[in-house]
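One structure is given below, encoded as structure tokens.
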């Protein structure tokens with residue numbers, strides 16, 4: 001089922017319950033989902049969304065409370081704001097040493113809401129990408145070097161760098177990209193692509209740029225996964241639309257990536273018409289409609305799918321996937 005992997009974005013909506021029992025994550029594994037992705041945020045996208053947990057603690061708890069399912073961060077930002085890349089490398093090493101082969105990391109250039117509280121400013125995109133690429137280089141050297149080394153970086157110079165708790169397996173790095181420039185860089189420096197886009201933009205912009213970057217780096221794009229994040233809801237469409245407006249609509253507006261206040265981001269979505277929500281999210285009244293959506297991504301070369309569910313009843317979503325969607329793609 002390599003070309004039809006289906007995962008769940010596990011911190012949105014009420015997937016992460018207030019008491020953090022994580023019962024929905026356990027049900028997801030039993031239903032056949034092949035990955036749990038947890039967002040790495042300091043502040044939530046919108047003020048009404050209260051589940052702004054520390055992701056490394058949550059991922060460890062999720063790994064302990066499930067059996068085999070991969071746990072993935074979406075996405076961590078090792079650009080020197082919240083995280084120095086050496087600290088991320090240490091966290092990744094500890095996760096994979098404890099649960100070998102179950103951990104994946106997504107990385108990206110970040111959002112102002114998470115980085116300004118620590119950096120005091122919002123660097124231009126070019127600087128954030130430079131920091132990200134350099135940070136990834138340092139992380140990979142820490143994961144693999146058997147000796148102390150000096151790292152002559154512009155942003156993260158280190159003397160006598162070394163990591164004692166190293167990953168037991170090769171860490172797969174999912175490089176987040178929305179636009180063409182970031183996607184090409186993802187192809188050059190990442191192992192795989194992680195992209196939150198509608199199908200048409202993936203087909204026409206993001207995927208071609210990713211493959212172009214991979215070829216420029218001498219890599220074979222066919223051996224690199226293209227992961228599409230599909231945001232939406234199932235069955236109760238009005239309820240899902242309400243949750244999107246309350247919790248997530250700011251994340252779909254590119255101008256909000258430069259805003260640092262979840263209250264302002266939430267306010268910006270209050271006047272967005274319902275038609276806009278239906279145009280920018282996949283709201284499906286049954287499993288057959290969701291199968292059509294996933295199939296449309298599969299036909300343009302998507303290797304794996306992450307469903308960011310905004311539905312009011314996550315367990316109903318799990319059941320639809322368990323009974324209809326996951327079996328369909330196992331047969332496809």
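The values are calculated or read from the model by the stated rules, or taken from the named source; none is laboratory data. Because the structure is a prediction, the values reported are computed rather than measured. Neighbour counts are summed over all protein chains in view; Cβ atoms, including those assigned to glycine, are modelled from backbone coordinates with ideal geometry.
Of all residues in the stretch 109-123, those satisfying the criterion of being assigned to a helix (DSSP H, G or I) and within 21 Å of the chain's Cα centre (by Cα) are 112, 113, 114, 115, 116.
Scanning the stretch 287-332 for residues being surrounded by fewer than 16 Cβ atoms within 10 Å (Cβ to Cβ) and within 16 Å of residue 30 (Cβ to Cβ) gives a total of 6.
Residue under question is residue 300, and the condition is that it be modelled with pLDDT of 95 or more and over 15 Å from residue 8 (Cβ atoms); does it hold? Considered against the rule, which asks whether it is modelled with pLDDT of 95 or more and over 15 Å from residue 8 (Cβ atoms), residue 300 comes out as yes. In the set 297, 278, only one residue is within 18 Å of residue 202 (Cβ to Cβ) and in a helix (DSSP H, G or I); that residue is 297. Looking at the stretch 173-258, the helices (runs of 4 or more DSSP H) lying wholly inside it that each contain 2 or more residues that are at pLDDT below 95 and surrounded by fewer than 23 Cβ atoms within 10 Å (Cβ to Cβ) sit at 237-247. Screening residue 106 against (1) assigned to a strand (DSSP E or B); (2) without any contact (Cβ under 8 Å) to a residue 24 or more places away in the chain leaves a single unmet condition, (2). Of the numbered criteria (1) more than 22 Å from residue 229 (Cα to Cα); (2) surrounded by 23 or more Cβ atoms within 10 Å (Cβ to Cβ); (3) in contact with a helix residue (DSSP H, G or I) (Cβ under 6 Å, 6 or more places away or on another chain), the one residue 92 fails is (3).
The residues in the stretch 41-74 that are part of a loop (DSSP other than H, G, I, E, B) and either in contact with a helix residue (DSSP H, G or I) (Cβ under 6 Å, 6 or more places away or on another chain) or loosely packed, with under 15 Cβ neighbours inside 10 Å (or both) can be counted, and the count is 15. All told, residue 133 falls short of being surrounded by 14 or more Cβ atoms within 10 Å (Cβ to Cβ), modelled with pLDDT under 95, in a helix (DSSP H, G or I) and out of contact with any strand residue (DSSP E or B) (no Cβ under 9 Å at 6 or more places or on another chain).
Pairs are defined by a Cβ separation below 8 Å, a sequence spacing of at least 6 or placement on different chains, a first member in the stretch 220-248 that is at positive phi and in contact (Cβ under 8 Å) with a residue 60 or more places away in the chain, and a second member that is surrounded by fewer than 19 Cβ atoms within 10 Å (Cβ to Cβ) and in a loop (DSSP other than H, G, I, E, B); the pairs so defined are 235/285; 235/286; 235/313.
Would it be correct to say that residue 123 is at pLDDT 95 or above, surrounded by 14 or more Cβ atoms within 10 Å (Cβ to Cβ), touching a helix residue (DSSP H, G or I) at 6+ places or on another chain (Cβ under 8 Å) and closer than 30 Å to residue 202 by Cα?
Values: at pLDDT 95 or above: yes; surrounded by 14 or more Cβ atoms within 10 Å (Cβ to Cβ): yes; touching a helix residue (DSSP H, G or I) at 6+ places or on another chain (Cβ under 8 Å): yes; closer than 30 Å to residue 202 by Cα: yes.
Yes; evaluated as a whole, the condition is true for this residue.
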